[in-house]
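Take a look at the structure below.
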Amino acid sequence: MSTLFVNNLNTASGSTITVPTGKKLVVTDAGGIQLPGSVVQVQTTQAHYNGITDLTTTTLAAIAGMSVTITPKFANSKILIRSQLSYWFSTDGNNYFIATYFRNIGGAGATNLVSGKTYNGIQFYAAGRQAQYNDVAMMEYLDTPNTTSSTVYQLYGRRYDGTNNVRCTWNEATSYITAMEIAQ
C-alpha cells in the first residue's frame with residue numbers, strides 16, 4: 001500500500017472525478033469531509049418524563065433535561081437546534097408560556113438566542129383560555145456560533161403572567177433537544 005500526498009485534486013479533462021465501482025473513499029476522522037449543506041454531526045438529549053419542571057415565575061428558567069452539547073468541527077458551520085417539549089397548563093388565568101434557547105460557548109456565559117422579541121422567546125398557548133390543556137411544543141432555531149469550542153444549547157421557559165401554572169417535560173410524552181452541525 002502506498003500513500004499519495006496532494007493539496008488539491010483536479011481533473012485532467014472534464015469536470016468529474018469518479019471513484020470506480022467497488023472502491024470506497026474512507027475518511028478516518030469525523031468531519032473529515034466538508035460538503036456545504038450537509039449534516040456533519042448530530043447530538044441529542046432525550047428527556048422522557050425526566051421529572052417535571054414547574055414554570056413558577058415570569059422570569060426565564062432552564063428546563064431540566066433539555067440541554068444538548070455540541071463541539072462544531074468547522075468554525076463557519078451553522079447549528080440547527082430542534083426540540084420537542086411536552087407541557088401542561090392549569091385552568092388558571094392566561095394559558096401561555098414563553099420558550100427560548102440559550103447558547104453558552106465554552107462556559108463563557110449564556111446568550112438568549114431569541115432576545116429582542118416582544119416576549120424574549122416563542123409563545124405557546126392553550127386552544128381555549130382558562131382551560132386545562134396539555135400538548136407538545138416544537139421549536140427550531142438556526143444558529144451561527146462561529147466557534148469550534150464546546151457549545152451548550154439549553155431550552156428555557158417562563159409562564160406568561162403571574163396567574164397560570166405551567167409544567168414542562170410533562171407526563172408520558174417524550175421531550176428532546178437536538179443540535180445538528182450543518183457544513184457551509
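The values are calculated or read from the model by the stated rules, or taken from the named source; none is laboratory data. Just so it is clear, the structure is predicted and the values come from calculations on it, not from any experiment. Neighbour counts are summed over all protein chains in view; Cβ atoms, including those assigned to glycine, are modelled from backbone coordinates with ideal geometry. Heads up: the accessible areas ignore ligands, DNA and RNA and are worked out on the full protein's heavy atoms, side chains in. Shrake-Rupley method; radii C 1.70, N 1.55, O 1.52, S 1.80 Å.
With every protein chain left in place, what is the accessible area of VAL19 in Å² (1.4 Å probe, nearest 10)?
80
Please compute the per residue accessible area over segment 7-62 with all protein chains in place, 1.4 Å probe, rounded to a whole number of Å².
82
Expressed as cubic angstrom per residue, what is the convex hull volume of the alpha carbon set of segment 1-101?
Once divided by residue count, the hull of segment 1-101 is 221 Å³.
Given a Förster distance of 41 Å, report the FRET efficiency between THR174 and THR18 from their Cβ-Cβ distance, rounded to the nearest 0.05.
Rounded to the nearest 0.05, the efficiency is 0.40.
Can you give the accessible area of ASP135 in Å² (nearest 10), computed on protein heavy atoms with a 1.4 Å probe?
Accessible area, nearest 10 Å²: 60 Å².
How would SER90, SER67 rank on accessible area, largest to smallest, probe 1.4 Å?
Values: SER90 10, SER67 40 Å².
I get SER67, SER90, largest accessible area first.
With labels modelled as points extended 7 Å from the Cα through the Cβ direction, what inter-label distance (nm, one decimal) is found for THR111 paired with ILE52?
3.6
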